[in-house]
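This report concerns only the one structure given below.
The values are calculated or read from the model by the stated rules, or taken from the named source; none is laboratory data. Predicted model only: the values in this text are computed from it and were never measured. All Cβ positions, even for glycine, are placed from backbone atoms using ideal geometry, and neighbour counts span all protein chains on display.
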Amino acid sequence: MINFELDASGDIQLEDGQIKTISDRLESIRQKATVALNTFEGEWFLNITFGVPYREEILIKNPSVSRISAALRDTLESVSGVSTVTELSINIDRATRVLSAAFELNIETGETITVSVEGETETSGGFESLLYLSSM
């Protein structure tokens, strides 16, 4: 399967007018994991179960670390090429409303890759939005 290379903002990369593709398997899986983490469950009309249940499990009042952990783990383990999440570290700074998470993923070949995210949330008048979520 061919994967288009995405930049940090999720846009397709072009080079000399041509769409760049990813040939490295590890980078391809890392990008798929990043896309999954940057997608709200129900956002993609072709697969409404794809993505993270942010609205149900994370962008709520007093979110449970164990439920966040389970939601992120389930999302990452559903990514093609990922066997298991071997390490998971979550930190919630309730004062600044920032969630940080780092993952170590074991892929089908036995190799390991790491993915980390930091998300800042804001809730006002019942409207919840993810202001910043990026993968490093």
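Pairing residues of segment 81-99 that are assigned to a strand (DSSP E or B) with residues that are of a type in the set (Lys, Arg), at Cβ distances under 7 Å and at least 6 apart in sequence or on separate chains, gives Val85/Arg73; Leu88/Arg73. When segment 65-99 is filtered for residues that are modelled with pLDDT under 90 and of a type in the set (Ser, Thr, Tyr), only Thr96 remains. The conditions of being surrounded by 13 or more Cβ atoms within 10 Å (Cβ to Cβ), out of contact with any Phe, Trp or Tyr (no Cβ under 6 Å at 6 or more places or on another chain) and closer than 25 Å to Ile107 by Cα are met by Glu27. Any residue at all in segment 41-53 that's of a type in the set (Phe, Trp, Tyr), over 19 Å from Leu6 (Cα atoms) and over 14 Å from the mean Cα position of the chain (by Cα)? Yes, segment 41-53 contains a residue that is of a type in the set (Phe, Trp, Tyr), over 19 Å from Leu6 (Cα atoms) and over 14 Å from the mean Cα position of the chain (by Cα). Within segment 1-47, the set of residues being over 27 Å from Ser69 (Cα atoms), in contact (Cβ under 8 Å) with a residue 12 or more places away in the chain, outside any loop (DSSP other than H, G, I, E, B) and among the β-branched types (Val, Ile, Thr) comprises Ile19, Thr21, Ile22.
If you go through segment 48-63 and keep only what is surrounded by 13 or more Cβ atoms within 10 Å (Cβ to Cβ) and part of a loop (DSSP other than H, G, I, E, B), you end up with Phe50, Gly51, Pro53, Leu59, Ile60, Pro63.
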